[in-house]
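First up is the structure itself, then whatever we jot down about it.
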Amino acid sequence: MKPLVKPLFVVAMCAALSSCSDDSSPDSTSSGSSESSGLVESEFGKMPGGESVKIFTLTNTNGMEAKVTEYGAILVSLQVPDKDGNLADVTHGYDTLEGWLTNTSYFGATVGRFGNRIAHGKFSIDGKEYSLVTNNDPGGIPCHLHGGTKGYDKVLWKGEGFESGSERGVKLTYVSPDGEEGYPGTLTVEVTYTLTDSNDFVWEAKATTDAPTVLNIVHHSYWNLSGDANTSINDHELKLFSDHYLATDAGLIPTGEKAAVTGTPMDFSSAHVIGARVEEDFEALKLGGGYDHAWVLNGTKDGDLVKAAKLRDPETGRVMEISTNQPAIQFYGGNFLDGTATGKGGVAYQHRTALCLETENYPDAPNNPDAPSAVLRPGETYHHKMVHSFSAE
Ligand code: GLA
């Protein structure tokens with residue numbers, strides 16, 4: 001690991017960030033293995049209470065650029081080359097910290113303590129019942145979603161940049177207090193984003209606890225590989241390495257049934273255009289308002305990375321492949337986007353203009369005896385790894 005010493009790129013970065021104030025420059029540091037790759041740290045803005053919030057810019061030797069902020073351990077933007085080498089940001093989000101402070105869509109966020117839903121906000125560990133806030137109600141049925149009203153996407157993490165050989169990244173830490181949003185146990189969480197020179201963008205979460213708890217820490221970026229946030233993702237092609245999805249009730253809580261995808265519009269075991277079947281009269285699609293389900297990944301083995309998804313935009317040729325050590329992937333087709341969130345460049349994000357591919361444990365795993373355990377005990381380490389590999393074809 002190299003210490004951050006060389007004051008390069010800072011002026012250019014601050015010019016690119018509207019909220020980067022003059023007085024942030026003396027604190028900004030950077031280094032790089034070449035003119036075109038490196039790591040820059042600068043101020044993104046201030047919390048309502050006045051604390052400074054950093055943003056880290058990671059650049060690789062192919063021109064890919066990721067911006068990650070300490071607020072919410074959020075991926076702010078990701079510039080990816082298309083088949084002609086043109087770079088574009090392929091994520092939904094905001095230009096300024098202020099946008100993210102009021103964001104309700106979890107754009108780019110690290111979601112926790114438990115990503116996705118917990119039925120009625122209730123679960124038990126060792127016979128003791130816990131109650132969490134219910135902050136979501138699909139189908140009019142209340143549930144706990146994405147960690148509650150102030151989940152990990154709404155707290156300030158502590159970031160530290162690093163560089164090592166052909167990769168650079170940022171490690172973010174957050175100590176989630178015992179009782180936060182109703183969860184038992186003090187959870188110490190470390191999230192690392194890494195950009196490599198082979199165009200891999202890695203998100204990784206580790207956590208330890210001082211008392212038994214449940215967790216499912218999830219990365220929640222919204223992707224539109226065209227780089228044009230005004231376009232629909234219905235034209236993207238998706239392959240999911242899965243033969244089963246988790247059927248849900250009207251509250252989007254898994255019923256316990258692992259439903260075979262064969263012969264249904266849920267079959268992405270070979271690549272399909274997303275929009276081709278999304279409007280079919282199929283119960284799961286009606287309940288989800290489109291695709292919003294967990295697919296059980298084929299061939300998961302404890303701790304090993306398996307292929308989860310391949311997404312391709314036919315226009316630009318951009319491809320994103322995802323692998324993970326988790327048992328499932330949530331494919332959410334941006335069904336709740338309705339133009340009310342105005343994001344980067346003043347674009348109002350319309351229905352299905354981005355999608356999420358969130359590797360995870362099963363939604364509501366704490367209440368499903370057939371799900372992989374979501375309980376973490378003192379002495380154990382939670383480890384979730386998600387690799388996004390970018391290419392063009
Ligand atoms: C997840 C869920 C969706 C929705 C989004 C956030 O992806 O599966 O139902 O709640 O988060 O809007």
Seminar exercise, completed: Evaluated at 37 °C and 0.692 mPa s, the Stokes-Einstein D of region 28-392 based on the Kirkwood radius over Cα pairs, in µm²/s, stands at 160
Problem set entry | Choice from Gly93, Gly179, Gly289 showing the highest fluctuation, given a GNM over the chain with Cα pairs closer than 10 Å | Gly179
Problem set entry | P(r) tail fraction, region 31-85 - alpha-carbon pairs more than 18 Å apart, % | 41
Problem set entry | Length added when fully stretched, Asp84-Asp249, from 0.36 nm per residue minus Cα-Cα | 55.0 nm
For this session: Order by neighbour count: Asp292, Asp235, Asp364, Asp370, fewest other Cβ atoms within 10 Å first, most last.
Result: Asp370, Asp235, Asp292, Asp364
Exercise. With the chain treated as a Gaussian network of Cα nodes joined by springs under 10 Å, which of Gly317, Gly346, Gly63 yields the largest mean-square fluctuation?
Worked result: Gly346
Exercise. When the chain is modelled as a GNM with alpha-carbon springs shorter than 10 Å, which of Gly227, Gly45, Gly99 fluctuates the most?
Worked result: Gly99
For this session: Would you order Phe268, Phe336 from fewest to most other beta-carbon atoms within 10 Å of each residue's own beta-carbon?
Result: Phe336, Phe268
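The numbers here are math on the coordinates, done by the rules we state, and not lab data. Please read all numbers here as calculations on a predicted model, not as lab measurements. We place every Cβ from the backbone using ideal geometry, glycine too, and count neighbours over all the protein chains shown.
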